[in-house]
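Note sheet for the following structure.
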Amino acid sequence: MLDSTHHWLGLEGRICVVTGAASGIGAAIARSLAQAGARVALLDRDTAGCEKVTAELRAQGADAISLTCDIASEASVNAAAARVQDELGACHALINNAGLLRSGGLADVSLDDWNSVLSINLTGYLLCARAFSKPMREAGLGSIVNVASISALFPQTGSGAYSASKAGVLLMSRQMAVEWGPQGIRSNAICPGMIRTALSARFYEEPGFEQKRAAVTANRRVGEPQDIADVALFLASPRSAYVNAAEIVVDGGMSSMLMDMVPRPGFNQSRPAAHA
């Protein structure tokens, strides 16, 4: 079950919690943690999906549990935290990953949709951090990894509160680091960009779409959930012990491509993506 990195990472036996673990980035993070020898609690509102991933991990020999949890509900989060404590023990690392996107421009997005996105993407992260960091703070050791988005740095139009919520995650992550750092807690954020997930799967059905997306990255390819999981694994591990309040952009270099996208005859280095 353990991969060749498990000794280096030092995650064997560590109790790690992943929210939004039923699919996509969350599932990839849960799998990677289990492969590194961590004991993993998978949380999601999608009970069936979460149980499916958990069963897969257990079949491979991992110590994993599945919990139905609505992170927008303080009662639900606190109940999940209590079960993790009872069934696995004190949490060492929390990966805040659950997310919601509701479309709509700022002029007309409904207040219900706006509040729904904030309740999951921002308030939910706070509720989970407070509940799961309690044993970390008591032990004087722990890691919180907040999965934000490239949309926290660049406006994603037509997506309601999504960019605002993710921008809030970045500042809140730094505030956690400053407030809880003296108690041994590290808090860092990841900003994924151009990652193929269930939310974007239907876009890739359009002919040529993947090539267009790949072309605006320096890597000339679309990212996969595992690309984010690898970074989350490092941040959750003791190997990143002096990394705190950081924001790591994982977008294949997309955010540095602006000037190369501006037409400059004789200077542009951008080329169409190779087969992605």
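When you scan segment 114-158, how many residues do you find that are in contact with a Leu (Cβ under 7 Å, 6 or more places away or on another chain) and in a loop (DSSP other than H, G, I, E, B)?
Final tally of qualifying residues: 1.
Could you please tell me which pairs satisfy a Cβ distance under 6 Å, a separation of 6+ or placement on different chains, a first residue in segment 149-171 that is farther than 16 Å from residue 199 by Cα, and a second residue that is charged (D, E, K, R) and surrounded by 18 or more Cβ atoms within 10 Å (Cβ to Cβ)?
Taking only residues 6 or more apart or on different chains, the pairs are 152/166.
Just need a number here: residues in segment 15-61 that are of a type outside the set (A, V, I, L, M), crowded, with 23+ Cβ neighbours inside 10 Å and in a loop (DSSP other than H, G, I, E, B).
Residues that pass the stated criteria total 1.
Hey, can you tell me all the residues within segment 105-119 that are out of contact with any helix residue (DSSP H, G or I) (no Cβ under 8 Å at 6 or more places or on another chain) and within 21 Å of residue 188 (Cα to Cα)?
Within segment 105-119, the subset out of contact with any helix residue (DSSP H, G or I) (no Cβ under 8 Å at 6 or more places or on another chain) is 105-116, 119.
Listed by number, the list holds a single entry, 119.
For residue 89, all conditions in the list (1) at positive phi; (2) of a type outside the set (A, V, I, L, M); (3) part of a strand (DSSP E or B) hold save one; what is the number of the exception?
Only one criterion in (1) at positive phi; (2) of a type outside the set (A, V, I, L, M); (3) part of a strand (DSSP E or B) is unmet by residue 89, namely (3).
From the list 59, 28, 48, which one is within 21 Å of residue 96 (Cβ to Cβ) and either in contact with a Gly (Cβ under 6 Å, 6 or more places away or on another chain) or of a type in the set (A, V, I, L, M, F, W, C) (or both)? Give the steps one after another, and end with the answer.
Working: 59 fails: within 21 Å of residue 96 (Cβ to Cβ); 48 fails: within 21 Å of residue 96 (Cβ to Cβ).
28 is the lone residue from the list that is within 21 Å of residue 96 (Cβ to Cβ) and either in contact with a Gly (Cβ under 6 Å, 6 or more places away or on another chain) or of a type in the set (A, V, I, L, M, F, W, C) (or both).
Starting from residues that are part of a loop (DSSP other than H, G, I, E, B) and in contact with a Ser or Thr (Cβ under 6 Å, 6 or more places away or on another chain), keep the ones in segment 182-241 and report whichever is modelled with the lowest pLDDT.
198
Pairs only if they're at least six apart or on different chains, beta carbon under 7 angstrom, first in segment 93-114 and over 19 Å from residue 127 (Cβ atoms), second part of a strand (DSSP E or B); list them, first residue then second.
That search, which allows pairs on different chains as well, returns 101/159; 103/159; 110/104; 113/104.
Among what's in segment 62-84 and is hydroxyl-bearing (Ser, Thr, Tyr) and assigned to a strand (DSSP E or B), pick the residue that is surrounded by the fewest Cβ atoms within 10 Å (Cβ to Cβ). Spell out how you get there, then give the answer.
Filtering segment 62-84 down to residues hydroxyl-bearing (Ser, Thr, Tyr) leaves 66, 68, 73, 76.
Now restrict to residues that are assigned to a strand (DSSP E or B): 66, 68.
Working: 66: 24, 68: 16.
Taking the candidates together, the pick is 68.
The values are calculated or read from the model by the stated rules, or taken from the named source; none is laboratory data. These numbers were taken from a predicted model, which means no experiment stands behind them. Don't worry about glycine lacking a Cβ; one is built from the backbone with ideal geometry, like all the others, and counts go over all protein chains shown.
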